[in-house]
Structures are given as C-alpha cells and as structure tokens.
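To start, the structure under review is shown below, and the notes come after it.
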Amino acid sequence: MQVSVENTSVLERRMTVGVPVERIETEVNKRLQQTARRAKVPGFRPGKVPMSVIRQRYEDSARQEALGDLIQATFYEAVVEQKLNPAGQPAVEPKTFEKGKDLEYVATFEVFPEFEVTGLDTIAVERLEADVVDTDVDNMLDILRKQNTSFEAVERAAETGDQLTIDFVGKIDGVEFAGGSAKGTQLVLGSGRMIPGFEDALVGAKAGEEKVITPTFPEDYQNLDLAGKTAEFTVNVTAVAAPKLPELNDDFFALFGIKEGGIDGFRAEVRKNMERELRQAIKSKVKSQVMDGLLAANPIEVPKALLSSEVDRLRVQAVQQFGGNIKPDQLPAELFEEQAKRRVVLGLIVAEVVKQFDLKPDDARVKELITEMASAYQEPEQVISWYYKNDQQMNEVRSVVLEEQVVDTVLQKANVTDKKVSYEEAVKPVEAPKAD
C-alpha cells in the first residue's frame, strides 16, 4: 500500500492511497468463495455451483463490496501509518477504479489540531469568599414564604401585589387581535406579566368593575404586528385577593420535607442548602474565569466537522427544550455557531490539559461529589447506591471531577486573588456583557 499526504490548509489533509491489485483480487475471491457456499442456482446443488458460474453471476457485486470495504480498511491503516488523527469522516474520491488495476483513491479530511496549552500564568482569576450568616437565612425564609403566598378575597380596591381575576378583550383600531382576549385570568399586579401599563392601570380597581385601559406594546415586542401599537383593553374585574404569607410552622416546614426539629431544624436545613449553593456558585464562577482565560491564551483552529456536529447537537437540544413542530435542521446554523465553537475549542483545550498534566479522575473526589449531590435528597444513601450501580452516571461524574482537576491545575499557575464578599453577591449570577 502506497500513501502520500498533502497539507491543503492548517487542518485539512489530502491523502492519496494506492492499493495493489493483488489485495483487491484476494478480497474479491474471498467473497466469491463465501457466496459459492450458500448460492442457490437452478440445476446445481447448494455448494456445488462451479466457480465460473459464481463469478459470472456475482463478481460485479463482490467487487463493489470488496472495494468499499478496502477503502474503509486502508484509510484507517494509512492514517495510523502517517500518525494522523482525523476529525470526522473523509470525503473519498476514486482516481482509478478499474478491474485488473491497482486501486487509487484520494481521501480529504480534517485532523485534530496539534498544540500545547500555554499561558496559564497569564490567566487572572478572582476567587470569592463568603459565609452564610443569620441575616442571609432570614432573607431566605422570607423568600420561601413569598414563594408560597396564598391569596384571600378582599372587599377593597386593588393594590400592587394583589391578585386580580379578570376577563379582558383587546382591540387595535377597533378590531380584536389574536391573543388579546382571555377569561378567568389570574394576574398579580406588579408581576410584570403583562405589557407595560396594563397592570398599573388596574391598581385601584374593585371586584365587579369594568375598566377600559390603553397600554402600548413595546417597540421590540416579539409579535411585530403589535410592536409599538397602542391597544384598547376592556377589562372586567371579577375578584380582588390580597396576598397572605404562610406562618413559619410545622405545616410550612413539611412542604420542604422537614417533619421534626421545628424552626431550629428548618433553619439548619435551609442553611445547609444555602452553603451548598454558595460552594457551587463560587466554584462555577472560578471555573468560568479559568475557561475564559484558557480560551484567550490558546486560540486554535476548529475542525469544521466538529463544529458542524456540535451545531447539530445544539439544534436538537433547542428543539427538545422549547418543543414545537420544528425540526432541528430547520433552525439556522448561525444561531448556534458561536456557542458551538466555544464548546468545541474548550473541549480540545481541556483534553490537552488532561494529557499534558497526565490527569485522571480522583476516586476520593468522585465519592465526595456523589455524596454532596445525594445530600440534597431525603434518602441520600439510596441516591449514592444508584450512582454506583449506573455506569453512565458514574462516567458523567468522573468527567465533572476531571474538569474540576483541570481547573485546579490552572489555578496553581494562574494569578489568583481572593475577595471577601456577602452571600448574596457570591451567589448572584454573572451578568452577560451588553452588546454595543
């Protein structure tokens, strides 16, 4: 077998492979002999058909099958011989494909980039430090109570925070528009659920009252037919209900699975969950900075095949998340290209860090992570047992731990500064940068 390789770009390779005719004929004859053992030809007993008849009837299909298998086999033999690492399937173009001659074909494909991760000492990381204090727990209790607010009917005018039950009909230029009418809708004033001006106009309304309000749709409203237009809504208020916060009692605690220990036991459980959330938030922010730093310090070319596969994966995820009748390939690729490129590049860089520093998942950290995840459930031992019996889940945990070890490896060389902050600041999501 003869092989030559041409570099047509940074990552693309054009490989010419020559396969001797003797190897081709050997493979063709092997298939014909296999066919002869099972072929049913009128006038002959099975297994007794002359090879000349077998060859006449089946040689063309046997040759096509042999050539296809040989291209596949010799391609992988050639890339191993040339020490190439293909990214995706090759495009194969036969050059000579004639009976009695050597097979020669050209395979065009991309390879994984070869690089060494550098610049770890240029990465700057701000690592937050925080504690959960009593006032943080108090604030969380208030949030939990508000999340479980109930409403009781009142005989007064509606205030911000009240829940109204309403029927409404919306019109633009005197004509009802699609989606502008509803009956029995429950709306909390001040929730921001409706377009600007709608909820404000209902403050002061009473049960049994009809109001005509004229809010304007935002200029950037998702329905372009309504964007920027002023509508007229006729709203009938059928009920006004005031919010009622639940008491901090055993009934409330039971909603969260806490059946004993009273307020002290509930506060202890809330604090434990907040401390777990705090650790995860700090870890996530550090990881994000490390990954951004790795990207900035190691710009690399991305194989188009990997980018295309990742775009397809993101398309499928989008359809699964948002539903609808749309098919993944109907979503424009450009919507996902930036995210796909980041994921592919980071995957390559992280894999190279693992290779350079010979990292392997630490069993103790794997156990620790599973224990921590299980602690969020009422029966953690069952959760831990489930993980250890599920190979796929265990592999996912090992991948997470290995990625954490990559972060730790970078932190050993990066410029790290520690910053003491409050719990709220530590768990607050990082705001995405605003577009210019």
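The values are calculated or read from the model by the stated rules, or taken from the named source; none is laboratory data. Note that this is a predicted model, so its numbers are computed, not measured. Using ideal geometry, Cβ is built from the backbone for each residue, glycine included, and neighbour counts are taken over all protein chains shown.
Of note:
- Residue check for ARG365: touching a residue at least 24 places away in the same chain (Cβ under 8 Å), over 23 Å from the mean Cα position of the chain (by Cα) and under 25 Å from GLY347 (Cβ atoms): yes
- Residue count, the stretch 221-235 (criterion: within 33 Å of the chain's Cα centre (by Cα) and among the acidic types (Asp, Glu)): 1
- Against the criterion of being on the phi < 0 side of the Ramachandran plot, surrounded by fewer than 18 Cβ atoms within 10 Å (Cβ to Cβ) and at pLDDT 95 or above, LYS360 qualifies.
- Failed criterion for GLY324 (all others in (1) surrounded by fewer than 17 Cβ atoms within 10 Å (Cβ to Cβ); (2) of a type outside the set (D, E, K, R); (3) at pLDDT below 95; (4) on the phi < 0 side of the Ramachandran plot hold): (4)
- In the stretch 39-66, the residues that are modelled with pLDDT under 85 form Cβ pairs under 7 Å with partners that are surrounded by 16 or more Cβ atoms within 10 Å (Cβ to Cβ) and not aliphatic (A, V, I, L, M), at six or more places apart or across chains, as follows: ILE54/THR35; TYR58/THR35.
- Failed criterion for ALA205 (all others in (1) in a loop (DSSP other than H, G, I, E, B); (2) loosely packed, with under 14 Cβ neighbours inside 10 Å; (3) touching a Lys or Arg at 6+ places or on another chain (Cβ under 8 Å) hold): (2)
- Among the criteria (1) touching a Leu at 6+ places or on another chain (Cβ under 6 Å); (2) outside any loop (DSSP other than H, G, I, E, B); (3) not basic (Lys, Arg), the one VAL53 does not fulfil is (1).
- Residue among ALA91, ALA158, ALA130, ALA78 that is within 30 Å of THR8 (Cα to Cα) and surrounded by 15 or more Cβ atoms within 10 Å (Cβ to Cβ): ALA78
- Candidates are the residues of the stretch 278-327 that are of a type in the set (Lys, Arg) and either in a helix (DSSP H, G or I) or within 21 Å of ASN85 (Cβ to Cβ) (or both); the one that is nearest to the chain's Cα centre (by Cα) is ARG313.
- Taken over the stretch 213-262, the criterion of being free of Cβ contacts under 8 Å to residues at least 60 places away in the same chain and either on the phi > 0 side of the Ramachandran plot or small (Gly, Ala, Ser) (or both) is satisfied by ALA227, GLY228, ALA254, GLY261, GLY262.
- Residue ID - surrounded by the fewest Cβ atoms within 10 Å (Cβ to Cβ), chosen from residues in the stretch 18-50 that are aliphatic (A, V, I, L, M) and within 30 Å of ALA73 (Cα to Cα): VAL21
- Failed condition for ALA376, given (1) surrounded by 13 or more Cβ atoms within 10 Å (Cβ to Cβ); (2) modelled with pLDDT under 95; (3) touching a Lys or Arg at 6+ places or on another chain (Cβ under 9 Å): (1)
- Just one of the listed residues (LYS304, LYS285) is charged (D, E, K, R), more than 30 Å from GLU12 (Cβ to Cβ), touching a residue at least 12 places away in the same chain (Cβ under 8 Å) and not assigned by TED's automatic domain parsing to the domain that holds LEU164, and it is LYS285.
- Among (1) crowded, with 19+ Cβ neighbours inside 10 Å; (2) of a type in the set (A, V, I, L, M, F, W, C); (3) touching a Ser or Thr at 6+ places or on another chain (Cβ under 7 Å) - the single one VAL117 does not satisfy: (3)
- Residue pairs meeting the criteria (Cβ under 9 Å; at least 6 apart or on separate chains; first over 15 Å from VAL366 (Cβ atoms), in the stretch 377-393; second at pLDDT below 95 and assigned to a loop (DSSP other than H, G, I, E, B)): GLN378/GLY257
- Residue that is surrounded by the most Cβ atoms within 10 Å (Cβ to Cβ), among those in the stretch 395-436 that are under 30 Å from GLU129 (Cβ atoms) and small (Gly, Ala, Ser): ALA414
- So GLN392, is it exposed (fewer than 12 other Cβ atoms within 10 Å of the Cβ) and more than 21 Å from the chain's Cα centre (by Cα): no
- Residues of the stretch 240-267 satisfying the condition of being assigned to a helix (DSSP H, G or I) and surrounded by 13 or more Cβ atoms within 10 Å (Cβ to Cβ): ASP250, PHE252, PHE253, ILE263, GLY265, PHE266, ARG267
- Neighbours by Cβ (under 6 Å, 6+ apart or cross-chain): first from the stretch 145-161, over 21 Å from GLY192 (Cα atoms) and without any contact (Cβ under 8 Å) to a residue 12 or more places away in the chain; second hydrophobic (A, V, I, L, M, F, W, C) and outside any loop (DSSP other than H, G, I, E, B): none
- Yes/no for VAL188 being under 28 Å from GLU152 (Cβ atoms) and either of a type in the set (A, V, I, L, M, F, W, C) or modelled with pLDDT under 95 (or both): yes
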